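The values are calculated or read from the model by the stated rules, or taken from the named source; none is laboratory data. Values in this document were obtained by computation on a predicted structure and should not be read as measured data. Here the Cβ is made from the backbone with ideal geometry for all residues, glycine too, and neighbour counts use every protein chain on show.
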Amino acid sequence: MQDLGLSHLWSQGDFVMRVTAIILLIMSLLSWIVILTKAWDLFRLKKMAHGAEKRFWHSDDFDHALETLGASDANPFRTLAIAGKDAAQHHRASQPQLHDVMDISDWLTRSLKSSIDEAVARMQSGLAVLASVGSTAPFVGLFGTVWGIYHALIGIGASGVPTIDKVAGPVGEALIMTAFGLAVAIPAVLGYNALTRGNKAVISKLNRFAHDLHAYFVTGARIRPATARTDDSAVRLAAARQ
């Protein structure tokens with residue numbers, strides 16, 4: 001029993017067992033690379049999104065507002081604002097050709113949606129790897145276990161000594177592959193859920209920012225929250241009463 005363990009499993013395992021173990025190792029490395037990389041990207045996106053709308057809409061003009069979003073093209077808020085500006089300028093420059101085909105509202109909606117779709121695609125890139133690893137790693141480990149138990153039972157039957165100590169060691173050793181599969185799948189699933197939840201928060205802010213940009217380029221002013229409109233109405237009402 002002292003000879004049993006990971007090293008014994010590797011040394012006594014056949015080609016299929018070793019390939020299965022290598023596949024699980026590669027899947028684990030890929031999932032952790034994706035988790036760490038996307039977690040860092042999500043941290044940077046949340047840092048960019050923090051206060052971005054407030055700084056943008058409290059600027060004196062549009063050019064100064066763009067400066068508050070930084071100079072990095074990786075900032076989806078900056079990319080969205082530039083896409084809206086370019087779409088509005090293009091529509092004004094092409095007004096004789098586009099006037100009867102598409103109004104500025106529809107044109108801006110398509111342009112802003114395209115920019116958001118590109119940002120979402122970048123944020124979600126790599127998550128398919130985590131989903132695939134989380135769904136397949138347990139079965140890969142189970143396959144290794146079944147294969148190991150099969151060969152362990154053949155060896156025990158060939159030895160002609162089917163005692164419990166001869167059975168428990170090899171069979172328990174083969175079960176390690178199932179544990180490996182779970183150890184690979186669980187972090188992948190948890191990482192996928194956490195990253196998806198974080199991406200949804202950023203996407204929600206992008207959609208809200210795009211909505212305000214659409215209103216700004218169409219009407220010349222962003223849509224203010226209902227509370228702000230209520231406060232302004234109360235101020236005007238109080239002034240009228242005085």
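Computed quantities for the displayed model
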quantity	calculated
Condition check for Trp57: modelled with pLDDT of 80 or more, farther than 14 Å from Leu206 by Cβ and out of contact with any Leu (no Cβ under 9 Å at 6 or more places or on another chain)	no
Residue ID - nearest to Phe77 (Cα to Cα), chosen from residues in region 27-45 that are under 12 Å from the mean Cα position of the chain (by Cα) and of a type in the set (D, E, K, R)	Asp41
Thr178 vs. criteria of a type in the set (S, T, N, Q) and modelled with pLDDT under 85	no
Output for region 127-157, where each listed residue is surrounded by fewer than 17 Cβ atoms within 10 Å (Cβ to Cβ), of a type in the set (Gly, Ala, Ser) and either over 15 Å from Met27 (Cβ atoms) or in contact with a Ser or Thr (Cβ under 7 Å, 6 or more places away or on another chain) (or both)	Gly155, Gly157
Identity of the residue in region 122-139, part of a helix (DSSP H, G or I) and modelled with pLDDT under 90, that ends up farthest from Leu190 (Cα to Cα)	Arg122
Qualifying residue in region 11-23 (condition: among the hydrophobic types (A, V, I, L, M, F, W, C), touching a helix residue (DSSP H, G or I) at 6+ places or on another chain (Cβ under 7 Å), at pLDDT below 80 and surrounded by fewer than 18 Cβ atoms within 10 Å (Cβ to Cβ))	yes
Scope region 24-36; condition surrounded by 13 or more Cβ atoms within 10 Å (Cβ to Cβ) and among the β-branched types (Val, Ile, Thr); matching residues	Val34, Ile35
Test: residue in region 156-164 that is at pLDDT 85 or above, part of a helix (DSSP H, G or I) and more than 30 Å from Ala74 (Cα to Cα)	no
